Amino acid sequence: MEARRVVVTGMGVISPVGLDVTTMWQNLIAGRSGIGPITLFDTGDLGVHIAGEAHGFDPVNYMPAKEARRADRFGQFAVAALEEALAQSHLLSNGYDPHEVGVVVGSGMGGILTYTEELDKVREEGPRRVNPFLVPMITVDAAGVQIALRTGARGPNLGVSSACATGADAIGQACEMIRLGYARAMLAGSFEAAISFISMATFDRMRALSRRNDDPEGASRPFDIGRDGFVLSEGGALLVLEDLDSTLARGAEPLAELIGYAATSDAIHVTAPDAQGAGAGRCMALAMKRAGIEPGDVSYINAHGTSTALGDPAETAAIKEALGEHAYRVPVSSTKSMTGHLAGGSGSLEAAISIQALRTGTLPPTINLEKPDPACDLDYVPHQARQAKVEIALSNSFGFGGHNATLVFKAFRG
């Protein structure tokens, strides 16, 4: 059986630069940062006091207060993004068989906020005060369960976790399910809500976080010689993926086509990437091969680009390994310079950003790139957005543990 073609018909986002796709995109192409002082908790004697919060997010705008209390913040994000994605796709208003609709939604750290709150409670007040909904609030599949409950989707429902590659893997795995005939439509993405005292403390102990507390908007500076770590952020995105034939039959508009996906593992270190970018380069090459394209066909790369000392040159090396001489001709940008690093939520948000680049012919910039690291010598679209003809975009997501994932999107021209 010939593999089905897969298209995206809806997107919903929650991010530090906007709580919907339109606002997010306007801020990105304007080069506006969403990073600022932490307001979600008292940072006390932490060494880091900045993060990328989902400013203005209130769960009761998307669900009843009672339901909100039974969902961790990352699950609340998923419900909010679902509303926007379904409004754009009109998936559920076209008589889809619910058994043909599945869900793959992941998270890197799941309900860490709820877990730490309930742990404090049991220590201070005893076991009878623990929330009876604790387990279904904190597991990685919790956001996907919330989505299924609201949509009635009765197809495959999986929660995936591959550190900071989670979002790309969730979307890629969902795509493969459609290609293989396990579903006609999939609700896919990832969400993270891990801006907490313990998360900030452990990442800082790793020396992974930027300490530019006096310059929040300038703290995330991918590929810059002065970078000193990433900025932890929250949010994510949900994409509606569909079989192309079903999409056209119901008269829906494809936003883009997902033509390739690959995942590899460095298997070198629990946190550090392969300095030569070999695993990441192979991942990109495999994704392009599966998409049936050549390096010269790529017109934009949304980089993982976290602003870490090891990660940025490793990704630069990986791009050169995968694309050869074309690496010096293709525009590459890291939108984490504005959004910060959403950890497990990054891959899905950046997939949505890549699709927006295809749809609008606008490349979002890498801000704060004042003095490029000599080891990072590609075209990173510095400072300002750029108009360009974008036909094929790669979205890279790499994570602790050596996880690598690449998605390949193509502009849909009918």
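Can you tell me, using C-alpha contacts under 8 Å and at least 6 residues apart, the relative contact order of region 6-249 as a whole percent? It would help to have the intermediate numbers written out before the result.
Numbers: 500 pairs, mean separation 75.1, N = 244.
Reported relative contact order: 31 percent.
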Dividing the helical contributions, -39500 (n - 2.57) per DSSP H run of n ≥ 4, by the residues of the chain yields a 222 nm value, nearest 500 deg cm²/dmol, of -9500 deg cm²/dmol
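According to the square roots a ≥ b ≥ c of the eigenvalues of the Cα gyration tensor, what is the shape class of region 33-146, taking rounded for a/c under 1.5, prolate for a/b larger than b/c otherwise, and oblate for the remainder?
Numbers: a/c = 2.42, a/b = 1.44, b/c = 1.68.
Taking the square roots of the gyration eigenvalues as a ≥ b ≥ c, region 33-146 is oblate.
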Per its Cα gyration tensor (rounded if a/c is under 1.5, else prolate when a/b beats b/c, else oblate), region 6-249 is best filed as oblate
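Give the longest segment of the chain that steers clear of GluC sites (Glu not before Pro) in DSSP loops with at most 16 neighbouring Cβ atoms within 10 Å, not counting the sites themselves. Mind dumping the intermediate values first?
Details: sites that count: GLU2, GLU370, GLU391.
Between exposed loop sites, the widest span is 3-369.
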What translational diffusion coefficient, in µm²/s and rounded to a whole number, does the Stokes-Einstein relation yield for region 1-85 at 37 °C and a viscosity of 0.692 mPa s, taking the hydrodynamic radius as the Kirkwood radius over Cα pairs? 218 µm²/s
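Relative contact order of region 261-410, please, whole-number percent, based on alpha carbon pairs below 8 angstrom and at least 6 residues apart.
On the way: 321 pairs, mean separation 53.3, N = 150.
Relative contact order of region 261-410: 36 percent.
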Just in region 88-169: which trypsin sites (Lys or Arg not before Pro) are loop by DSSP and have at most 16 other Cβ atoms within 10 Å? ARG154
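Can you give the Kirkwood hydrodynamic radius of region 181-311 from its Cα pairs, in Å with one decimal? All intermediate terms of the calculation are to be shown ahead of the outcome.
Numbers: mean 1/r = 0.0551 Å⁻¹.
Result for region 181-311, one decimal place: 18.2 Å.
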Classify the chain as rounded, prolate or oblate from the Cα gyration tensor: take a ≥ b ≥ c as the square roots of its eigenvalues, call it rounded if a/c is under 1.5, otherwise prolate when a/b beats b/c and oblate if not. oblate
Who wins for biggest fluctuation among LEU92, LEU363, LEU258 in a Gaussian network model of the chain, springs between alpha carbons below 10 Å? LEU92
Relative contact order (percent) for the chain, with alpha-carbon contacts under 8 angstrom and 6 or more residues of separation? 23 percent
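Each value in this text was obtained by applying a stated rule to the coordinates, not by laboratory testing. Because the structure is predicted, anything quoted here is derived from the model rather than measured. Glycine gets a Cβ as well: all are built from the backbone with ideal geometry, and neighbour counts include every protein chain shown.
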